[in-house]
Structures are given as structure tokens and as C-alpha cells.
Number of protein chains: 2
Amino acid sequence: MSKKNVMVGQSGGPTAVINSSLAGVYKVAKDRGADTVYGMLHGIQGLLEEKYVDLSEHIHTDLDIELLKRTPSSFLGSCRYKLPNSKDKPEIYEKIFDILNKLEIDSFFYIGGNDSMDTINKLSDYALEKGSKIHFIGVPKTIDNDLAVTDHTPGFGSAAKFIGTVTKEVIRDGLVYDANVVTVMEIMGRNAGWLTGAAALAKCEDCEGPDLLYLPEVEFDVQKFVDSVKEIMKTKRSIIVAVSEGIRLGDGRYVCELTDAASQVDSFGHRTLAGAARFLANTIAKECGCKTRAIEFATLQRCGSHIVSRVDITEAFQVAGAAVKAAFEGETGKMITLKRESSDPYICTTDIYDIHEIANVEKKVPREWINEEGNYVTPEFLNYIRPLIQAELTPIMTDGLPRHLTMFVKR
Amino acid sequence: MSKKNVMVGQSGGPTAVINSSLAGVYKVAKDRGADTVYGMLHGIQGLLEEKYVDLSEHIHTDLDIELLKRTPSSFLGSCRYKLPNSKDKPEIYEKIFDILNKLEIDSFFYIGGNDSMDTINKLSDYALEKGSKIHFIGVPKTIDNDLAVTDHTPGFGSAAKFIGTVTKEVIRDGLVYDANVVTVMEIMGRNAGWLTGAAALAKCEDCEGPDLLYLPEVEFDVQKFVDSVKEIMKTKRSIIVAVSEGIRLGDGRYVCELTDAASQVDSFGHRTLAGAARFLANTIAKECGCKTRAIEFATLQRCGSHIVSRVDITEAFQVAGAAVKAAFEGETGKMITLKRESSDPYICTTDIYDIHEIANVEKKVPREWINEEGNYVTPEFLNYIRPLIQAELTPIMTDGLPRHLTMFVKR
């Protein structure tokens, strides 16, 4: 009888709950009779170098599963490797399938965002074309929430919870001195403003929330921004602004390009964006003569596993389980999606969808969920997002710090 | 019979647990028979404008006390007002004492760092000189841990716990790609490196910890830093560096002055420091040709009340209670200190000390707690710090976010 072996990988930027999906693939695959669950190291790029591990050598107990769920960043390592077309580089595909066949892989799972779904897309097409029986299923993951079809994406809820929490704290901090101060927070999101909009979650009974939000979906105008700040300053001393790293001017340039900050380009051609908040804070300091602060949430917003949404980390596990079930039942070339049945009460199930409709597509914040002036989100946006940040999953603390599951620690 | 009224204020930069001290003053003063507990708004500067509140109008229940303890930033607002000498500006002192006498204040508490202790120093001296019976007691607070005499300072343990936690997460995040990446984290601390040293807490069973730490106590050499990074890069792909915002070159200039970032000066003459990490990351990018990241922990490290040390938040309450007890028993011109009886098991009590020996003095990290090369802390440093980050005090969550107690929320 042939083996039922599984290969799983993680790709793209990490999230606070990406390892909950890895735990989900491992646990559900084992429970459903998988023989060996292999994890490729650093995604498809590592696999091409035959770098993989037998996950059972690293996950021994149920406590390990719980630790893995709470471990930020990609346990297996990640990559930003763009798989070329099989027509252009058939040898790469041959190599991948040689390795998979040698390991008797039945099902292949890739946990990632739209770039990663492109990989599943290409591999599943190639498999069908060549008559391979390997099943390829995508497991959605991205803090950016920009995957198509799915209601939302695992990783987003926890990043949104972190951003809402920290925004509340920054707002309180901004009220400390009896002086005008403008704080500009820079939040991740290259083309989609889901995370920047999440800063508005801070607006609740005990907090006024941020004053201005700028999403990449709306063209940014520096002068209009300065005017808005000046207007608010007439009645408020501490002003809090959240901007997406990806806001652009009318001429298409990123606001961060107005600074002298070095910028780098990754293998998908994405430029590293940083510096928009600093530039805008400096602009306000000059124009208004008041104290300003620039705060980049930076990496913290994607690795903040010490405060995660329980809804999110649970769904991250569930989509992975659904992926295993689908593959084991014969599906391929699909991605698991989340399907919201109801917002109040929040009811969400998993579904499955053709990967061709998802790969490389970016889902942006609908224009009607941003106000007319383009500087805040609407109540509909917040109603959509609020259920995704509910409840917590407490870290397992050891000697004062959260404990993680890790593969290799040199000391 | 005369009233036993209390005045309490908060001064200087906030911490995650400064309101636990405010809660301690309020609760213990009330329990010990205080009539009215007034809170000055924005410290002594607000008091001079007769801005104060009756705290019982804002704290109604034990739940309010619990919320106040968990609220970051200064509930009453803060200031950076340097009280002039009474000889130079007697009218300011007359005004303060007029207000205090009118309110029948018996005891005056100021929660702050060494600048704030200067205020207690001057007011208590003036009171003795003029025969006033008002008691002035300092309640220590600062994330910087740079107050003299006291073993450590409330606020430090929680900031250290936040830094240790986030450093672990950043280290994990840095391992994601199979590529060389140097991450430079910038941590608060103008002249004292206690917080930067706290990044080394991340070094434990499941984490290698940061690779290099640079404290302001040791002269910084850019070339030596680059050489150290290149040396480590021979055997490691992801390198994590923590630098204090206040590191200086041999000629006395701050490293952040090597950038073009705007810098501002507050009323104590302290320059706003920011940009050292960005400068060093850019330097490494040029010198080593690898990807680099700069992460400023910024305000988050002083307002991160969603992850506090229970030891710290409890001690913040206790020093405040001890201050009330001391004042009510007739003490003045003193600051409450923390006295460590033992590290293992950790036993710490409160004591009281002459404010003249504390005001304006900065306690730095002893040179022998930094290694010879000046790029890491010793085990003794970590043994000192580890008990201060133990245990947690869970936020009270409402609708997915931590709830705070706030005075004025316009919506």
C-alpha cells in the first residue's frame, strides 16, 4: 500500500498565527492517517534544495502543538521565491516533482498570501498536465487581508487586535502633556488599507480613537493632510494620525519616496516601504511648529504573538484542517476560504475555491467603506472587522516571557 | 478639626504602571482616613493654574481601581516643568502654597523620576523654611530605572518585560528568510542602558537572544560595531542588535546626531533622541550589502499596558501606599525606595530616603555589569533584572481590546 505522506510549507511575510495553521495541518493530517508530515524549510526555495524536516521530530506532545500555535513568525522559515512558468523553466518543476515523488507525497499544502497561491496555482496546473496524483491546496495567511474570495484572512485579526490595542495606548500616551502634539503612526499595507483602518477600532467608550486615517486606496495629498491637521488642532491638543506605508501621491509616487530613506526591492519586485510617517511628522513640525512623533509599528505588528485574537488563531487552525480534509478527499488546485454566515452573532465556516481566481489578485478596502474625504473608515468597515479581534489566547509564560516552539537554538 | 486632604500629581514621561501608583495613593489615603484626594492635572504646572480634580468623582468602585491600575500613560496628565529656585521666583512658591493651604492639603505626593524628585526637594525645603506643616513625599516612577538609592524603579519591570517579549518575537521574525539580515532595535534610555540591557532577557532556552547590545554607559565606535557585525555574519544569517537611543561617540555626539533627523529640546534641556537605529542599519546596508531593518520601540515601550509585570505593577501600588503611610506619620522631604532583601527567592520591601540624595542624580548601569568589549550585559545584570519581569496582570478586555479608565472622552 502506498504511503500517505504530506508536505507543508510557509511562504511570504509571517504573521502571529501562521504557525497555528502549521499546527492545524500537522494535527489534522496525523489524525486523518497521514504517515509522515514533512515541512519544507524556507518554502519552495528550500524544497528545491531538498531542505525539509519530518515534523514529528519537532512536535512531540499536545503541549508542543499549543506552543507552536503561539509561536510567531514562520516555524519552518519562509521565502519570497517566485516560481517561474513551467514552460520557461521545466527543469524546476521536474525537480520539485522528483523530490515529492521520492518522498511519496500525497498532499502538498502551502500557507501564504497571494504570491504563495500563485505557487499552488502553477504546481497544481502542472500536476494535472503531467497526470500527477499529488493534491495541491492553498492555506490562506496574510496580515494584509488582501486575498480575494475569502471573507478575511487568518493573520489579519491578530494584527488588527495588536494595532487597535497599541493605538489605544498611543492615544493615551499622547494626552500626557498639556501641549500640542501630532503623532503619526505608520502601519503595514502596501496597496490595501485593511490594517490602517483597524486603528479605528480604538474608538470606543473609553477612547476617542485616532483622528485621521489614510489608506492606500485613496490618493494622498500632503497639503490637504496638513490642512486637516490644522483644522483639528483648533479644538484638540493631541492629534493621532494613522497612515499606511503604501500611501501614494497623485503622480503615483509613494509618500515614503519623498524621504531620503534607502529602499530595497524583493524578488517579487515589491519595494521596501518605510518613512512615510517620519516624513509627514517632519512636515507637520515645520508647518505647525508643534511637537510631532513618528511611530512605525514595523515588524511588531506581524509578530506580536503575545496578544492574538482567539477568533483568528482558531480560524488559522481550522482553515488548515479544512485544507487537509479537502486534499485527502481528492481536491487539488484550490484554496480554503472563510465564509461569514453572520456578523452578529459572528458565524463563520470554511469553504473551498478555485485557486485560479485567487492567485495574484489583491482585495482592497471598498471605496464605500472609506469616508468621502478619504480620511477615515465607515461604521460598516468596523462592523466587518470587529468580530475578528475578539477574545484572546494567553501566551504560555516561562520565567516572565512568552514561550515559543523553535527548531534550532544555538546557545 | 482640620481636614486631612491629599494632593497627588504625576510628572515626567509616563509608564505602563504609573497609574497603579496613583491608584495606590488614592486607595491607601482613603483607607487611612483622608477626606478629599485631589489630583493635579498635568502636574505642578497645572496646579499653578489651579487645575485639579477631586479623584472620588472619577474613581467610584473597586473595578475602577483595577481599571486605573491597568491604564497606561498618566491618568492625570503630566508635565516637564522645572520648578525654579524659591530665591529666584518666590511668587511661584507663594502661589503653590496658597492653593495647597486653601484646599487644606495635609500631604502632597508627586509620582515621577529624578526631575520630579527635584520638585519634591524644593517644595519640602520651602515648607520647612516657612513653617508649613504640609508633608511632601516622592513616589518613584520611571521606565529608565535611573533613580538613585532605590534598588529599582516602578515602571522599569514592565518596560523590561515588554522589551524582552518583543525582542523574542523580533528574533523569531528575523529568522524567516534564508538570507542575511541585520535588525537594529532602538530602545529608550538617554544616559542609562537598563532598558537596552533588558533585551538580553530574550536569551533563554527557546531563543538565542540578541547578538549585540550597546548601552550609553560605553563609548560607541561605529567601525568597531561594523566589524562585530561582519564577524558574527560569518556564522549567522540573522543578526539582532539593540542600541540605546542615547549612545554617543567618543567626541560626545549622539549617534542619532549623525542623521539629518530633526531634533527638539524640552524644558529640562533634554534633546529628543531618535534615529540611531536607522543610521546604523543604513551603515550596515552600505558596508555589508545585506538587508537591514531598523525598529524603534518608541512610545510603545512606555505605554504597553497590555503586557505588564505583576511584580512591577504591584510594587508601583505598594510604594504609593508606603508614601501615604509615611506622610500621614509625619515624614516629609523623602522618597520611598525599594529595598531588595533577596533575589532568589525575590523578596523586596519598601524603605524611605532623604530626597536630597536622590533628586537630579542618575543611576547608570555599573561598568562591571557590561562585558569588556562593551557590547553585552553580564549574567549579574540579568540576575538583577529577571525577578522584576515575573508574572502578569491580565488586561480587562472589552469587545476585543483592553479597557482603560479615562477622565474625559469626547466622542
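The values are calculated or read from the model by the stated rules, or taken from the named source; none is laboratory data. Computed from a prediction, not measured in an experiment: that's the story for all the values here. All Cβ positions, glycine included, derive from the backbone under ideal geometry; neighbour counts span all protein chains shown. SASA here: full protein model, heavy atoms, side chains in, ligands and nucleic acids out. Shrake-Rupley method; radii C 1.70, N 1.55, O 1.52, S 1.80 Å.
Tabulated data
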item	result
Helices (runs of 4 or more DSSP H) completely within segment B:297-411 that count 1 or more residues being open to solvent by less than 10 Å² (accessible area, probe 1.4 Å) and under 30 Å from residue B:134 (Cβ atoms)	B:310-328
Flag for residue A:30 being under 30 Å from residue A:393 (Cα atoms), surrounded by 24 or more Cβ atoms within 10 Å (Cβ to Cβ) and of a type in the set (D, E, K, R)	no
Filter pass, residue A:80 being at pLDDT below 95 and either farther than 17 Å from residue A:312 by Cβ or hydrophobic (A, V, I, L, M, F, W, C) (or both)	yes
Among the residues listed as A:245, A:231, A:217, the single one being open to solvent by 10 Å² or more (accessible area, probe 1.4 Å) and within 14 Å of another protein chain (Cβ to nearest Cβ)	A:245
Residue in segment B:255-279 that is nearest to the chain's Cα centre (by Cα), counting only those that are open to solvent by 20 Å² or more (accessible area, probe 1.4 Å) and at pLDDT 90 or above	B:278
Top-ranked residue of segment A:119-157 - restricted to ones that are part of a helix (DSSP H, G or I) and open to solvent by less than 10 Å² (accessible area, probe 1.4 Å), ranked as nearest to residue A:355 (Cα to Cα)	A:120
Among (1) surrounded by 21 or more Cβ atoms within 10 Å (Cβ to Cβ); (2) assigned to a strand (DSSP E or B); (3) not aromatic (Phe, Trp, Tyr) - the single one residue A:165 does not satisfy	(2)
Residue that is nearest to the chain's Cα centre (by Cα), among those in segment A:170-192 that are under 25 Å from residue A:256 (Cα atoms) and within 9 Å of chain B (Cβ to nearest Cβ)	A:170
Given (1) within 14 Å of chain A (Cβ to nearest Cβ); (2) touching a residue at least 24 places away in the same chain (Cβ under 8 Å), index of the condition residue B:377 fails	(1)
Test: residue in segment B:350-364 that is touching a Phe, Trp or Tyr at 6+ places or on another chain (Cβ under 7 Å) and either at positive phi or in contact (Cβ under 8 Å) with a residue 12 or more places away in the chain (or both)	no
Residue check for residue B:86: of a type in the set (S, T, N, Q), open to solvent by less than 10 Å² (accessible area, probe 1.4 Å) and touching a helix residue (DSSP H, G or I) at 6+ places or on another chain (Cβ under 6 Å)	no
Failed item in (1) open to solvent by 30 Å² or more (accessible area, probe 1.4 Å); (2) among the small types (Gly, Ala, Ser); (3) within 14 Å of another protein chain (Cβ to nearest Cβ), with residue A:250 passing the rest	(3)
Residue in segment B:164-182 that is touching a helix residue (DSSP H, G or I) at 6+ places or on another chain (Cβ under 6 Å), of a type in the set (Gly, Ala, Ser) and without any contact (Cβ under 8 Å) to a residue 60 or more places away in the chain present	no
The listed residue being in contact (Cβ under 8 Å) with a residue 12 or more places away in the chain and within 14 Å of chain B (Cβ to nearest Cβ), out of A:99, A:111, A:105, A:92	A:111
Close pairs (6 angstrom Cβ cut-off, 6 or more residues apart or separate chains): farther than 14 Å from residue A:402 by Cβ in segment A:51-76, buried (at least 20 other Cβ atoms within 10 Å of the Cβ) and among the β-branched types (Val, Ile, Thr) anywhere	A:55/A:37; A:74/A:18; A:74/B:176
Residue B:282 vs. criteria modelled with pLDDT under 95, within 19 Å of residue B:138 (Cβ to Cβ) and surrounded by fewer than 24 Cβ atoms within 10 Å (Cβ to Cβ)	no
Matching option when the condition is crowded, with 24+ Cβ neighbours inside 10 Å and within 13 Å of another protein chain (Cβ to nearest Cβ), among B:9, B:39, B:24, B:46	B:9
Residues located in segment A:325-351, provided they are more than 16 Å from residue A:140 (Cα to Cα) and either among the aliphatic types (A, V, I, L, M) or in contact with a His (Cβ under 6 Å, 6 or more places away or on another chain) (or both)	A:347
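Residue-by-condition table, conditions (1) touching a helix residue (DSSP H, G or I) at 6+ places or on another chain (Cβ under 6 Å); (2) closer than 17 Å to residue B:172 by Cα:
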{"position": "A:29", "(1), (2)": "yes, no"}
{"position": "A:34", "(1), (2)": "no, no"}
{"position": "A:39", "(1), (2)": "yes, no"}
{"position": "A:56", "(1), (2)": "no, no"}
{"position": "A:60", "(1), (2)": "no, no"}
{"position": "A:71", "(1), (2)": "yes, yes"}
{"position": "A:77", "(1), (2)": "no, yes"}
{"position": "A:81", "(1), (2)": "yes, no"}
